[in-house]
Each structure stands twice: as structure tokens, then as C-alpha cells.
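*Asks:* Sharing a structure below in C-alpha cells format, with a few things to ask.
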Amino acid sequence: MGASSRVFLKLGAVLCLAGAAALGQAEQVVNVYSHRHYETDQRLYERFQRETGIAVRVVQAGAAELIERLRAEGARSPADLLITVDAGRLQRAKALGLLQPAGSRILEQTVPAGLRDPEGTWFGLTTRARVIVYAKDRVDPRELAGYEELTDPRWRGRLLVRSSTSEYNQSLLAWLIEARGEQAARLWAEGMVANFARAPKGNDRDQVKAVVAGEGDIALVNTYYIGLLLNSEDPEERKVGAAVGVAFPRETHLNISGAGITASSRNAANARRLLEFLVSEEAQRVFADANYEYPVNPQVRPSALLASWGQVPASPTGIGNLGKHYEAALRIFDLAGWR
Ligand code: FE2
């Protein structure tokens, strides 16, 4: 689900609403532009609609495309809520004037301060950690201290990671720029490329499969994919999930998947209600148990699998403002030859 240069917009499930129409009222809707692409979200939208009578209409695409679309549509945009897989994009949308404060006590009380915009324009829904997976039979996890060590020559030809078009990699590099500066980030990207087992291809799940197939020994992956592999209906995928170990870098980058109400929203009250529902214990449990994400609501525990990995080491920089580093990140990827 990386940002492709093509604009590819898929109209997600359009849910119909009979009740309000039958009563002759204007239909209650909330229009969502979302980069998230999970079955769990669909399930939650349907539940929300049943509980509130508000129809959820979803347009699904990469965050960069959705933000471009919001800009192009301006005040005429039908979108009420922008949902991304990483907060860097929400910071970017905010900087472009595309979001408005939600003005919700519930959101401010539920989502911890480090996982939302202090000015209230966007809120984290879940987090996922960018971790290192390794072939249990070939790698000693004590060799995997941090992201920096992945550039060590000992990993030459052994490292697997997806393309730089991935939001997850862009966010990680933006975080390294924030934490260490551009020069260090550039050296890191070059060191990574020097260790690639192959030219980047496929998604995070494909990197894990390639480790197990012996194409490389370690891979950079988001935590929720491990949960999806281990609990897949496909026995081959379960085998792949079981063959790898998970190592948390000493400073672990978190992707904050979150959402913000658009500046041009015509259904802002409905969007606020959907946001409040998505951080409720009911919805957070679905994100945690069915999609293996870390919930933002402190009342909800991570799934047993994630809990078994222990506490996620906190990022030293917090969420920072990663949005301002995206352009530098893309330039560095390009210079390093990380396709
Ligand atoms: Fe993903």
C-alpha cells in the first residue's frame, strides 16, 4: 500500500441507509478518505452505522493521493475524515490547512497526549512498531540491537525490506532525520541498500516469506503483519510466521495510524462521532484482537501475541513533526538508490 504515482482511487463499500430516508429526513453520512485497507475497519463502519444510523462512505487510496485529492477539491471536497497509516501524513495535511480541530472532550480524554496533535486536528487510532524479524535458525537476536546496526557489513546480502514508496519506510526515515539529522539518515539509507539481499519488492508480509525461503536472513516489518501471518487461514502463512523471531530495536519507531476531520467537512459532527467510536473500547478491541495493532485507548490491552513480545521501547523523540521531513526522506531514498 505504498504511495504510487498513479492516482488509484477505489470506491470502498458504500453503505446504504434506509431509515432516515423513509422518515423523509436528509440522509446522515460521513465520507471517509482512508489509506487503511483492513477488513476490521469495514466491520467497524458497519457496526457504527447500525448503532447511529450514519452511513459511512469510504474512498480508499494511498495517503499522498488522498491529500492531493483534498487539495485539488478544496472547499468542494466531499471528504469529512482523513485516515492514514502514519501520523506523518496527518501532520502534512494539517500543515497544508486541510484539517480542523475536532473539539472533542472524549477524544482528548481517551487518546494519550503523545499520540495526538496537541491542537486537536488529528488523533491516533492505533500504533504499530517497525521491528526486525529474523530467521530463528540462522540469526542470534542479540546481533539486532537497533536500526543502525542493520548497516553493519555482517548483514551484506542478507537484509530484506520493501520499497521506499512505502509509507512505513518513509515515516521511519523521517523519524531518523528528526532524531539524528539528515547526514546520519543518508548514511543509514546507503548502508541499508549496500546490505540488500535483493531489489525491494512486495509488501511487509512478502519480506517475511523471503526470510523463511532463505532469500535473506532479516527483514524490517510492521508488527501487525506478524499477527496476521500467525493467524492466517493459510497453513503456509502460519508456518512462515512461526519460523521467524521478532526483535525490537532499542529505540523503536512507531507508525501511528490516525485520523483528522477535514477543514471542508460538511458533516463534521458525524465525523467526530465516528472518531469517538473508533477510539472506544469496543472498536479498539477489534483493532487489537483482529488486526494485531496496539490500541491507543489505555483501557484496552494489546492482543496476547503482542503482549508476549513485552513492552514496546519508547521512541526518544516521540511523534515529533515527521511530516516536515518527508521531502528530505524521499530525496535521501533516491540518492541512496533505495527504489
Ligand atoms: Fe500495511
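*Asks:* Given the conditions (1) assigned by TED's automatic domain parsing to the domain that holds Leu322; (2) over 19 Å from the mean Cα position of the chain (by Cα), which single one is not true for Arg105?
*Replies:* (1)
*Asks:* Closer than 18 Å to Leu81 by Cα, open to solvent by 10 Å² or more (accessible area, probe 1.4 Å), under 24 Å from the mean Cα position of the chain (by Cα) and free of Cβ contacts under 8 Å to residues at least 60 places away in the same chain: is that true of Glu148 in this structure? Outline the logic, then answer.
*Replies:* On the way: closer than 18 Å to Leu81 by Cα: no; open to solvent by 10 Å² or more (accessible area, probe 1.4 Å): yes; under 24 Å from the mean Cα position of the chain (by Cα): yes; free of Cβ contacts under 8 Å to residues at least 60 places away in the same chain: yes.
No; evaluated as a whole, the condition is false for this residue.
*Asks:* Taking the range 87-123, which residues are part of a helix (DSSP H, G or I) and of a type in the set (S, T, N, Q)? So that I can check it myself, show each step before the final result.
*Replies:* Just the residues of the range 87-123 that are part of a helix (DSSP H, G or I), to begin with: 87-95, 105-110, 113-115.
Gln91, Gln109, Thr110, listed by residue number.
*Asks:* Checking Gly88 against (1) touching a Gly at 6+ places or on another chain (Cβ under 7 Å); (2) surrounded by fewer than 23 Cβ atoms within 10 Å (Cβ to Cβ), only one condition comes out false. Which one?
*Replies:* Every listed condition holds for Gly88 apart from (2).
*Asks:* Count, please, the residues in the range 202-235 that happen to be in contact with a helix residue (DSSP H, G or I) (Cβ under 7 Å, 6 or more places away or on another chain) and not aliphatic (A, V, I, L, M).
*Replies:* Going through the range 202-235 one residue at a time, the tally reaches 11.
*Asks:* Being of a type in the set (Gly, Ala, Ser) and within 16 Å of the ligand (Cβ to nearest atom) is true for just one of Ala199, Ala210, Ala184, Ala219. Which residue is that? Talk me through it step by step, then tell me what you get.
*Replies:* Numbers: Ala199 fails: within 16 Å of the ligand (Cβ to nearest atom); Ala210 fails: within 16 Å of the ligand (Cβ to nearest atom); Ala184 fails: within 16 Å of the ligand (Cβ to nearest atom).
That would be Ala219, the only listed residue that is of a type in the set (Gly, Ala, Ser) and within 16 Å of the ligand (Cβ to nearest atom).
*Asks:* What tally of residues in the range 45-69 results from selecting those that are crowded, with 21+ Cβ neighbours inside 10 Å and in a helix (DSSP H, G or I)?
*Replies:* 6
*Asks:* In the list Glu119, Glu143, which residue meets the criterion of being more than 16 Å from the ligand (Cβ to nearest atom), at pLDDT below 95 and open to solvent by 10 Å² or more (accessible area, probe 1.4 Å)? Show your work before the answer.
*Replies:* Values: Glu119 fails: at pLDDT below 95.
Of the residues listed, the single one that is more than 16 Å from the ligand (Cβ to nearest atom), at pLDDT below 95 and open to solvent by 10 Å² or more (accessible area, probe 1.4 Å) is Glu143.
*Asks:* While we're looking at this one, here's another question. Please verify whether the range 155-166 includes one or more residues that are in a helix (DSSP H, G or I), more than 16 Å from the ligand (Cβ to nearest atom) and in the same structural domain as Ile332 (by TED's automatic domain parsing). Quick ask: steps written out before the conclusion?
*Replies:* Keep residues of the range 155-166 that are in a helix (DSSP H, G or I), which gives 155.
Next cut, more than 16 Å from the ligand (Cβ to nearest atom) only: 155.
Retained after the next criterion (residues that are in the same structural domain as Ile332 (by TED's automatic domain parsing)): 155.
Yes, that holds for at least one residue.
*Asks:* Would you call Ala243 open to solvent by 20 Å² or more (accessible area, probe 1.4 Å), among the hydrophobic types (A, V, I, L, M, F, W, C), more than 16 Å from the ligand (Cβ to nearest atom) and not assigned by TED's automatic domain parsing to the domain that holds Leu96? First the steps, then the outcome.
*Replies:* Values: open to solvent by 20 Å² or more (accessible area, probe 1.4 Å): yes; among the hydrophobic types (A, V, I, L, M, F, W, C): yes; more than 16 Å from the ligand (Cβ to nearest atom): yes; not assigned by TED's automatic domain parsing to the domain that holds Leu96: yes.
Criteria met by Ala243.
*Asks:* Could you figure out which of (1) surrounded by fewer than 19 Cβ atoms within 10 Å (Cβ to Cβ); (2) within 16 Å of the ligand (Cβ to nearest atom); (3) in contact (Cβ under 8 Å) with a residue 60 or more places away in the chain isn't true of Ser232?
*Replies:* Going through the list (1) surrounded by fewer than 19 Cβ atoms within 10 Å (Cβ to Cβ); (2) within 16 Å of the ligand (Cβ to nearest atom); (3) in contact (Cβ under 8 Å) with a residue 60 or more places away in the chain, Ser232 breaks only (3).
*Asks:* Can you name the residue in the range 255-280 that is open to solvent by 50 Å² or more (accessible area, probe 1.4 Å) and touching a helix residue (DSSP H, G or I) at 6+ places or on another chain (Cβ under 9 Å) and, of all such residues, is nearest to Leu99 (Cα to Cα)? Spell out how you get there, then give the answer.
*Replies:* As a first pass, look at the range 255-280 and keep what is open to solvent by 50 Å² or more (accessible area, probe 1.4 Å): 263, 266, 269, 272-273.
Right, trim to touching a helix residue (DSSP H, G or I) at 6+ places or on another chain (Cβ under 9 Å) and you get 263, 272-273.
Details: Ala263: 4, Arg272: 12, Arg273: 16 Å.
The extreme case among them is Ala263.
The values are calculated or read from the model by the stated rules, or taken from the named source; none is laboratory data. Just so we're clear, the structure is a prediction, and the values are computed from it rather than from any experiment. Cβ: placed from backbone, ideal geometry, glycine included. Neighbour counts: every protein chain shown. Keep in mind that these areas ignore ligands, DNA and RNA; they rest on the heavy atoms of the full protein, side chains included. Shrake-Rupley method; radii C 1.70, N 1.55, O 1.52, S 1.80 Å.
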